[in-house]
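Comments concern the structure below.
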Amino acid sequence: MPASLILLFCSIFVSCASLPQQSPEALSAAQEKLSLESSYIPSCFEWSPLCRGIDTFRFEDTDIPLVYHVVRIDLSEPSLSLACVKGSVPSAVKKTSAIVAFNATQFESKFFVFNRLKGVFRMDGEEISVPVEKYCALLFDSSLSNGACGGGFRASIVESQTEEALLGWKNAVGGFFVVLKDGVPCQFKVQSLRARVGVGLTEDAKNMYVLVVEENKSCGLSYGHCALLFKALGCKDAMEFDGGHSTALYVGGKSVLLGYPWRSSLNAIVVLSDCSLGKGME
């Protein structure tokens, strides 16, 4: 193939894989507005019930501009099941009929094929991808000794994917970094605004919060902003998964984001419910 055609193919591929970027001036203005916590953290989160054990919240401010979503999951609710799945978020939803699904572990490309996870991915005891010690992970398992679903789930966030930290957990899903530890926001030198996907756990690990920040018609948030948001939600620990071009969130079987993910993830975390939508709310 002539070099000119190769360059043309690469330019098309890269341009299709890039999200629309805001101007430096717009990003600077957004950073200034976001310096006030009250601009992106509401005084009260008004939750919308999805089904028993799951509530949702959507924030939008066109002046910043900013759009993000929060899903609150009661891990002790017996009608819910938590699982990790191979493949993209849309395929995971189709395969499992998940009521909530979002992308998780970061991955790297090789020869324009996204084919390798960067971090641990353990699914029902099977280790699909090896741990990377510098990254964090979400660990979860059935609270029942026999591993059966329906009895609630125990969960934990660990700062490092070490053998000791992962010991005894059937499901381990790697992410990037912990942003909130013991209720204290972690410090990061880089404060770039991007699409984000993260989870937080309350002190008793009874509730898990999923935070998905959009970047299409939205400036995105930094790790620091996400940490403060998780703290306001009542989380003790929180971490970040892959975001950016891979950001995806499905609720009730449909994507709730303004734009479709530009890159398909290699794994997803899904929440299954025995309740049908709009039912089971007592």
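The values are calculated or read from the model by the stated rules, or taken from the named source; none is laboratory data. Note that the structure is a prediction, hence the values are computed from the model and not measured. Cβ: placed from backbone, ideal geometry, glycine included. Neighbour counts: every protein chain shown. When the accessible area is computed, the model is the full protein with side chains, heavy atoms only, and any ligands, DNA or RNA have been set aside. Shrake-Rupley method; radii C 1.70, N 1.55, O 1.52, S 1.80 Å.
Working from label points 7 Å from Cα in the Cα-to-Cβ sense, the ARG154 to SER76 distance is 1.5 nm. If you plug the beta carbon distance of LYS94 and PHE177 into 1/(1 + (r/R0)^6) with R0 = 41 Å, you get a FRET efficiency near 0.85.
Surface listing: ARG52, ARG122 arranged by accessible area from highest to lowest gives ARG52, ARG122, probe 1.4 Å. How large is log10 I(q)/I(0) at q = 0.21 Å⁻¹ when the Debye formula is applied to the Cα atoms of segment 68-210, each weighted equally and without solvent? Here log10 of I(q) over I(0) equals -1.65. Once you reduce segment 181-215 and segment 27-65 to the center of their Cα atoms, the two points are 14 Å from each other. For the listed peptides 133-139, 243-249, 30-36, a ranking on the average number of other beta carbons within 10 Å per residue, highest first, reads 243-249, 133-139, 30-36. Across the alpha-carbon atoms of segment 168-282, the computed radius of gyration and Dmax are 14.9, 46 angstrom. Cross-link pairs exceeding 31 Å in C-alpha to C-alpha distance, out of LYS86/LYS134; LYS170/LYS231; LYS170/LYS217; LYS33/LYS189; LYS95/LYS231; LYS94/LYS217, comprise LYS170/LYS217; LYS95/LYS231.
Calculate the FRET efficiency for GLU164 and SER23 from the Cβ-Cβ distance with a Förster distance of 45 Å, rounded to the nearest 0.05.
0.45
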